[in-house]
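Q: Okay, here's the structure, questions in a sec.
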Amino acid sequence: MIRKANSADIETIMHITKACAKTMIANGIYQWNTHYPNPAAFENDIKRDELYVLEIDGQVKGTIVISTLMDEEYVPIKWLTENENNIYIHRLAIHPELQGKGFAQQLMDFAEQFAIENNYRSIRLDTFSQNKRNQKFYELRGYKQLGDIYFPKQSEYPFHCYELVF
């Protein structure tokens, strides 16, 4: 089941994202760290009504942000569509114990269906340049890689921007 998150979910979401960060770091992928993601980011997502969780057997095991807000880092990218009526995916996470079982696909199916039902023109997102698994995940779903952005507090390496047009 996918539902809107609430403040009571943040502790569990942080547990999931910390477990993801630990697994990525163990695999040489320095995408998430002590600075990001953080509880304040998730609180802001809840205030904007844009944070969702995946529940399995009544327990939160995954999360996704479906946002209408374009981060300033995205401005220089030459997107496939105009900068209006787009949604942005952030902080997609599935607890490492459950990765590879199709749950991230479910969250992305949900986000894409949300975009279609609400007449958005495209979905935009970024993923870490050193995370080849994520790149393949999005490319197999039809997302096109367009350019790079940087988040210095996260990594010296770039993040690739992707877009899926409807």
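Q: Can we say VAL65 is farther than 19 Å from HIS160 by Cα and surrounded by 14 or more Cβ atoms within 10 Å (Cβ to Cβ)?
A: No: the conditions fail for VAL65.
Q: From the residues in the stretch 127-166 that are closer than 19 Å to TYR30 by Cβ and of a type in the set (Ser, Thr, Tyr), which one is modelled with the lowest pLDDT?
A: SER155
Q: If we keep just the residues of the stretch 30-48 that are among the charged types (D, E, K, R) and in a helix (DSSP H, G or I), which is least open to solvent (accessible area, probe 1.4 Å)?
A: ASP45
Q: Name the residues in the stretch 1-29 that are part of a loop (DSSP other than H, G, I, E, B), surrounded by fewer than 16 Cβ atoms within 10 Å (Cβ to Cβ) and modelled with pLDDT under 95, would you?
A: ASN27, GLY28
Q: Against the condition of a type outside the set (Lys, Arg) and under 12 Å from ARG124 (Cβ atoms), how does THR63 come out, does it pass? First the steps, then the outcome.
A: On the way: of a type outside the set (Lys, Arg): yes; under 12 Å from ARG124 (Cβ atoms): no.
Judged against the criteria, THR63 is not a match.
Q: While we're here: Inside the stretch 138-150, can you point out the residues that are open to solvent by less than 40 Å² (accessible area, probe 1.4 Å) and touching a residue at least 24 places away in the same chain (Cβ under 8 Å)?
A: Answer for the stretch 138-150, where residues must be open to solvent by less than 40 Å² (accessible area, probe 1.4 Å) and touching a residue at least 24 places away in the same chain (Cβ under 8 Å): TYR138, GLY147, ILE149.
Q: With respect to LEU164, is the statement that it is part of a strand (DSSP E or B), without any contact (Cβ under 8 Å) to a residue 60 or more places away in the chain, among the aliphatic types (A, V, I, L, M) and open to solvent by 20 Å² or more (accessible area, probe 1.4 Å) true?
A: Values: part of a strand (DSSP E or B): yes; without any contact (Cβ under 8 Å) to a residue 60 or more places away in the chain: yes; among the aliphatic types (A, V, I, L, M): yes; open to solvent by 20 Å² or more (accessible area, probe 1.4 Å): yes.
Yes: the conditions hold for LEU164.
Q: Which count do you get for residues in the stretch 110-126 that are farther than 12 Å from LEU164 by Cβ and either open to solvent by 80 Å² or more (accessible area, probe 1.4 Å) or modelled with pLDDT under 95 (or both)?
A: 3
Q: Looking at the stretch 13-31, which of its residues are within 19 Å of GLN135 (Cβ to Cβ) and among the hydroxyl-bearing types (Ser, Thr, Tyr)?
A: Residues satisfying the conditions are THR23, TYR30.
Q: Kindly check whether there is at least one residue in the stretch 90-98 that is out of contact with any His (no Cβ under 8 Å at 6 or more places or on another chain) and closer than 17 Å to TYR150 by Cα.
A: Yes: one or more hits.
Q: Given the residues LEU51, LEU80, which is the only one that is surrounded by 12 or more Cβ atoms within 10 Å (Cβ to Cβ), farther than 22 Å from GLN130 by Cα and within 15 Å of the chain's Cα centre (by Cα)?
A: Going through LEU51, LEU80 in turn, just one is surrounded by 12 or more Cβ atoms within 10 Å (Cβ to Cβ), farther than 22 Å from GLN130 by Cα and within 15 Å of the chain's Cα centre (by Cα): LEU51.
Q: A follow-up question, please. Please determine whether any residue of the stretch 141-153 is in contact with a Cys (Cβ under 9 Å, 6 or more places away or on another chain) and either among the aliphatic types (A, V, I, L, M) or in a helix (DSSP H, G or I) (or both).
A: Scanning the stretch 141-153 turns up at least one residue that is in contact with a Cys (Cβ under 9 Å, 6 or more places away or on another chain) and either among the aliphatic types (A, V, I, L, M) or in a helix (DSSP H, G or I) (or both).
Q: Another one. Please tell me if LEU107 is free of Cβ contacts under 8 Å to residues at least 40 places away in the same chain, open to solvent by less than 20 Å² (accessible area, probe 1.4 Å) and of a type in the set (A, V, I, L, M).
A: no
The values are calculated or read from the model by the stated rules, or taken from the named source; none is laboratory data. Fair warning: this is a prediction, and the values are worked out from it, not measured in the lab. Using ideal geometry, Cβ is built from the backbone for each residue, glycine included, and neighbour counts are taken over all protein chains shown. Areas reflect the complete protein model, heavy atoms only, side chains present, ligands, DNA and RNA absent. Shrake-Rupley method; radii C 1.70, N 1.55, O 1.52, S 1.80 Å.
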